[in-house]
Amino acid sequence: MKSLRIIMFTTFYPPYSFGGDAVGVQRMAQALAARGHQITVVHDIDAFVTGGGKVADVCVADDGVHTIGLSSRLNTVSNLLTQQIGRPVVHGRQIKAILEQGDYDIIWHNNTSLVGGPGLLDLGQGLKIYEAHEHWLVCPMHVLWRYNQELCDGQQCLRCTLSYKRPPQAWRYTGLLDRKLDQIDLLIAKSEFSKSMHETFGLRQEMTVLPYFLPDMDPADMPEPAQHERPYFLFVGRLEKIKGLQDVFPAFDKYPDADLLILGDGDYSNELKALAASNDRVKFLGRKPLDELTAYYRGALGLIVPSICYETFGIILIESFRLGTPVIARRLGPFPEIIEKAQGGVLFETENELRQAMQTVQIDPDWRTRHGQSARRGFEQYWREDRVLQAYGAELAKAARRRGDANLAKAFEAGAFENGSG
């Protein structure tokens with residue numbers, strides 16, 4: 001079976017990254033490398049530095065994935081030029097040389113906002129994929145969070161961009177992105193909700209929904225549930241205003257029967273700690289390594305996901321499902337389709353509904369067991385690595401057929417994303 005040569009472009013890639021989107025790209029790269037494919041990831045170290053990252057603090061994984069970090073002494077200037085012009089300016093020559101030398105079967109784009117912008121999308125000769133981990137294709141701020149204070153229900157991009165203190169992008173008004181997207185062979189949304197939002201905000205090209213995935217875990221390798229002196233609910237994620245954690249605190253002020261353990265860090269952490277300072281049952285534990293994170297998931301009554309913005313998916317939901325822990329999520333964005341698909345939890349809109357949900361999860365062990373088991377079955381059926389990669393292979397085979405590349409289509413049809421090169 002053919003070993004494919006695949007190059008992935010992404011602005012952020014671990015360890016030069018801040019959020020979960022980059023982890024999703026890394027999981028895909030690692031999964032394909034494990035199946036015998038030759039994977040190269042090109043990412044932008046300049047963007048990591050511009051965002052406040054410290055290069056000296058990172059350690060690159062030895063996982064079979066070849067990474068190329070683009071870096072220059074002009075890091076902020078490089079990113080500003082790409083953001084403004086919509087093309088890879090400082091690193092353009094290097095990117096073209098990488099593509100020309102690689103003879104890649106697949107060119108896989110993942111949120112290329114600062115690694116090259118729309119001008120990157122038609123470079124190279126391989127089958128072209130774009131995977132929309134955020135809403136950057138229709139939103140300069142990526143998240144459809146207007147004026148940094150409300151959900152976007154109608155584009156006011158110029159005023160909104162200025163409210164974020166970012167320079168407007170003139171290329172967004174020239175049709176450049178639309179023309180470049182016509183060169184993409186497979187355009188991927190991470191949920192039905194995200195697909196519908198792209199359509200609502202003007203994307204013309206057809207999108208295919210392919211979700212995130214996680215590898216399964218052998219029960220023998222799982223750590224024991226975390227020990228905590230009281231029953232607890234869990235929050236996992238970046239501490240940013242749009243993640244909605246501040247809306248959870250009032251519910252816990254009126255709910256004395258359990259603690260709230262918060263795993264994560266971010267730019268909004270000081271504000272959140274100040275808001276929760278009067279409640280000693282709200283505990284900030286910082287970031288945790290994978291084994292400890294897994295243990296906290298296993299020991300929790302449930303995971304609370306209160307985001308107030310339009311997420312494209314929600315990896316933490318399926319992290320919780322994989323371990324049989326039910327989820328309490330805001331009735332917003334893709335969360336209803338994920339919760340309802342797995343029957344793995346409950347949705348809320350108001351503070352009162354959140355408290356009622358927590359009470360149900362805590363006092364009804366039969367409910368918790370039933371929904372935890374459903375969550376686990378849902379993970380196995382819809383979001384387990386092998387099943388999702390099988391779906392990717394089927395869609396890539398169709399895209400290769402449309403492109404007229406029969407040999408590549410046959411590789412996918414023979415199970416290239418299922419079994420690798422053997």
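The values are calculated or read from the model by the stated rules, or taken from the named source; none is laboratory data. The structure displayed is predicted, hence computed values, not measured ones. Here the Cβ positions follow ideal geometry from the backbone for every residue, glycine too, while neighbour counts run over all protein chains shown.
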Check your understanding: For residues in the stretch 18-44 being modelled with pLDDT of 90 or more and under 20 Å from ASP267 (Cα atoms), which is surrounded by the fewest Cβ atoms within 10 Å (Cβ to Cβ)?
Key -> VAL23
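Going by the structure shown, is ASP221 in contact (Cβ under 8 Å) with a residue 12 or more places away in the chain and not small (Gly, Ala, Ser)?
Criteria not met by ASP221.
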Check your understanding: Hey, among LEU285, LEU272, which residue is surrounded by 20 or more Cβ atoms within 10 Å (Cβ to Cβ) and either over 22 Å from SER320 (Cβ atoms) or at pLDDT 95 or above (or both)?
Key -> LEU272
Review point. Within the stretch 289-296, is even one residue more than 23 Å from GLN149 (Cα to Cα) and over 23 Å from the mean Cα position of the chain (by Cα)?
Key: no
Revision key, fill the gap. Per the filter on the stretch 379-407, residues part of a helix (DSSP H, G or I) and within 19 Å of the chain's Cα centre (by Cα) are PHE379, TYR382, TRP383, GLU385, ASP386, ARG387, VAL388, LEU389, ALA391, TYR392
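Matching residues to (1) closer than 27 Å to MET217 by Cα; (2) assigned to a helix (DSSP H, G or I); (3) not assigned by TED's automatic domain parsing to the domain that holds GLY237:
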residue	(1), (2), (3)
PRO256	no, no, no
LEU261	yes, no, no
GLY266	no, no, no
LYS273	no, yes, no
ASN279	no, no, no
LEU285	yes, no, no
LEU293	yes, yes, no
**Study point:** Counted residues, the stretch 61-92 - those being modelled with pLDDT of 90 or more, within 26 Å of LEU32 (Cβ to Cβ) and exposed (fewer than 15 other Cβ atoms within 10 Å of the Cβ)
**Key:** 2
**Study point:** Conditions (1) modelled with pLDDT of 95 or more; (2) over 30 Å from LYS398 (Cβ atoms); number of the one not met by TYR212
**Key:** (2)
Check your understanding: Quick one: GLY422 ticks every box in (1) of a type outside the set (A, V, I, L, M, F, W, C); (2) modelled with pLDDT of 95 or more; (3) exposed (fewer than 15 other Cβ atoms within 10 Å of the Cβ) bar one, so which box is it?
Key -> (2)
Study note, to complete from the structure: Taking first residues from the stretch 18-42 that are in contact (Cβ under 8 Å) with a residue 40 or more places away in the chain and second residues anywhere that are charged (D, E, K, R), the pairs with Cβ under 6 Å that are 6 or more apart or on different chains are GLY19/ARG238; ALA31/GLU385
Point to revise | Residue identified as under 30 Å from ARG376 (Cα atoms), buried (at least 19 other Cβ atoms within 10 Å of the Cβ) and not basic (Lys, Arg) among LEU177, LEU203, LEU187 | key: LEU187
Point to revise | Single unsatisfied condition, VAL58 versus (1) at pLDDT 95 or above; (2) in contact with a Pro (Cβ under 6 Å, 6 or more places away or on another chain); (3) surrounded by fewer than 22 Cβ atoms within 10 Å (Cβ to Cβ) | key: (1)
Review point. Of the residues in the stretch 343-354, how many are surrounded by 15 or more Cβ atoms within 10 Å (Cβ to Cβ) and touching a strand residue (DSSP E or B) at 6+ places or on another chain (Cβ under 9 Å)?
Key: 7
Review point. Where in the stretch 298-363 are there helices (runs of 4 or more DSSP H), lying fully within it, with 2 or more residues that are in the same structural domain as VAL143 (by TED's automatic domain parsing) and under 19 Å from the mean Cα position of the chain (by Cα)?
Key: none
